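One structure is given below, encoded as structure tokens.
The values are calculated or read from the model by the stated rules, or taken from the named source; none is laboratory data. Computed from a predicted model, the values in this text were never measured in an experiment. Virtual Cβ from ideal backbone geometry, glycine too; neighbours counted across all protein chains shown.
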Amino acid sequence: MLATPGQNPVFRFAPSPNGLLHLGHALSAILNHDMAQKSSGRLLLRIEDIDLTRCTPDYEEAIHRDLRWLGLSWEEPVRRQSEHFPDYAAALERLAEMDLVYPAFLTRGEVKARVGAFEAAGRPWPRDPDSSPVYPDDDKRRSNEERRRLIAAGVRHAWRLDMQKAIAMVGRPLTWRETGDGSQVMVAVNPTAWGDVILSRSDAPSSYHLSVVVDDALQGITHVVRGLDLYHATSVHRLLQELLGLTEPVYHHHRLILGADGRKLSKSEQSTGLAALRQAGASPADIRRRIGL
Ligand code: GLU
């Protein structure tokens, strides 16, 4: 279901307050802002702070400060994901009722050791589009009784989507509408490569994939403008939207700003941080120039 055509476009910038914004965020935020203005659309700001161990109020304040300094404005109230965990839990529950999720008990360390042993024996372990190892299928093979026993014994666990079952349930090829190259093209969805993605963690009651599709639908987002680093994640998002009966925005994945080393900018890199550039005397116009706008 395409997000309502004919209504005023709704854009969103959705940073995570786990570090300071850099030039790559400036490109995303300004593109969203400018596209909303050009189309008489609305711009929302969403704080994606489900990772309570890494997100802080200080970083959230810095996001507001940097965006205001860039001259951007957005609608209030700002949605803060950590205040809406029940919404994501309800979506997870729906997927559970469809028998598409399972409790995953392997720790990060256990997965790492398994992959390491496999690769040391010269066998390649499948990697997802972000180069992380695909989750092993041990937990998928456990009986319901064993799952119940482990959970009752207090073993920490996440919830994962059974990707093959989910694809089979949708039962037809999916696409998404992409405008990143200027004109609209249909891109074939291919979530298989992600394996059984995580939907909620033992230390965070939701995951990026789950909360982003719930919120985009709930906030009536018609256009998702974000970096090309999230291009492949869109396959997972379209699959979840289809399973949950959520609306489908148009996607626009923009070029990434690279550092001097040719790699994607990181939040820990000081020199391309917006606050550091401001303190060094840069103006918002300098930032626009520097990111090629
Ligand atoms: N919160 C994500 C990030 O900071 C962006 C999510 C999105 O735009 O879909 O990378």
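Collect the residues in region 5-18 that are at pLDDT 95 or above and not basic (Lys, Arg), keeping them in residue-number order. Before the answer, list the steps.
Going residue by residue through region 5-18, those that are at pLDDT 95 or above are 9-18.
Hits for region 5-18 are Pro9, Val10, Phe11, Phe13, Ala14, Pro15, Ser16, Pro17, Asn18.
Take Ser200 and tell me if it is under 18 Å from the mean Cα position of the chain (by Cα) and polar (S, T, N, Q).
Values: under 18 Å from the mean Cα position of the chain (by Cα): yes; polar (S, T, N, Q): yes.
Judged against the criteria, Ser200 is a match.
Okay, residues lined up against (1) exposed (fewer than 12 other Cβ atoms within 10 Å of the Cβ); (2) more than 18 Å from the chain's Cα centre (by Cα); (3) within 16 Å of the ligand (Cβ to nearest atom):
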| site | (1), (2), (3) |
| --- | --- |
| Ile50 | no, no, yes |
| His64 | no, yes, yes |
| Leu72 | no, yes, yes |
| Gln81 | no, no, yes |
| Leu92 | no, no, no |
| Ala117 | yes, yes, no |
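Which of the residues that make up region 205-218 are within 12 Å of the ligand (Cβ to nearest atom) and either over 14 Å from the mean Cα position of the chain (by Cα) or part of a loop (DSSP other than H, G, I, E, B) (or both)?
Of everything in region 205-218, just one residue is within 12 Å of the ligand (Cβ to nearest atom) and either over 14 Å from the mean Cα position of the chain (by Cα) or part of a loop (DSSP other than H, G, I, E, B) (or both), namely Ser207.
Read through the list (1) at pLDDT below 95; (2) surrounded by fewer than 18 Cβ atoms within 10 Å (Cβ to Cβ); (3) within 16 Å of the ligand (Cβ to nearest atom), then give the number of the only condition that Ile257 fails.
Exception for Ile257: condition (2).
Can you tell me which residue is farthest from the ligand (Cβ to nearest atom) among those in region 15-40 that are in contact with a helix residue (DSSP H, G or I) (Cβ under 7 Å, 6 or more places away or on another chain) and assigned to a loop (DSSP other than H, G, I, E, B)?
Of everything passing the filter in region 15-40, Leu20 is farthest from the ligand (Cβ to nearest atom).
Output the residues belonging to region 158-210 that are of a type in the set (Lys, Arg) and within 28 Å of Leu106 (Cα to Cα). Before the answer, list the steps.
Restricting attention to region 158-210, the residues satisfying the condition of being of a type in the set (Lys, Arg) are 160, 165, 172, 177, 201.
Arg160, Lys165, Arg201 - these are the residues of region 158-210 that are of a type in the set (Lys, Arg) and within 28 Å of Leu106 (Cα to Cα).
Here are Arg108, Arg114, Arg160: which of them is among the charged types (D, E, K, R), at pLDDT below 95 and touching a strand residue (DSSP E or B) at 6+ places or on another chain (Cβ under 9 Å)?
Being among the charged types (D, E, K, R), at pLDDT below 95 and touching a strand residue (DSSP E or B) at 6+ places or on another chain (Cβ under 9 Å) holds for just one of Arg108, Arg114, Arg160, which is Arg114.
Give Pro103, Pro136 a once-over and let me know the one that is surrounded by 12 or more Cβ atoms within 10 Å (Cβ to Cβ) and touching a residue at least 40 places away in the same chain (Cβ under 8 Å).
Pro103
Can you work out which of the residues in region 219-240 that are crowded, with 21+ Cβ neighbours inside 10 Å and not in a helix (DSSP H, G or I) is farthest from the ligand (Cβ to nearest atom)?
Only one residue tops the list, namely Thr222.
Any residue in region 188-204 that is at positive phi and either at pLDDT 95 or above or assigned to a loop (DSSP other than H, G, I, E, B) (or both)? Reasoning before the result, please.
Residues of region 188-204 that are at positive phi, as a first pass: 195.
Subset that is either at pLDDT 95 or above or assigned to a loop (DSSP other than H, G, I, E, B) (or both): 195.
Yes, because at least one residue in region 188-204 is at positive phi and either at pLDDT 95 or above or assigned to a loop (DSSP other than H, G, I, E, B) (or both).
State all residues of region 6-51 that are closer than 20 Å to Ala217 by Cβ and free of Cβ contacts under 8 Å to residues at least 24 places away in the same chain; if no residue qualifies, say none.
Gly6
When residues of region 78-135 are filtered for being of a type in the set (Asp, Glu), part of a helix (DSSP H, G or I) and over 22 Å from Glu48 (Cβ atoms), how many remain? Can you show your working first?
Step one: list which residues in region 78-135 are of a type in the set (Asp, Glu), which gives 83, 87, 93, 97, 99, 110, 119, 128, 130.
Then keep just the ones that are part of a helix (DSSP H, G or I); that gives 83, 87, 93, 97, 110, 119.
Filter again for over 22 Å from Glu48 (Cβ atoms), leaving 97, 110, 119.
Matching residues across region 78-135 total 3.
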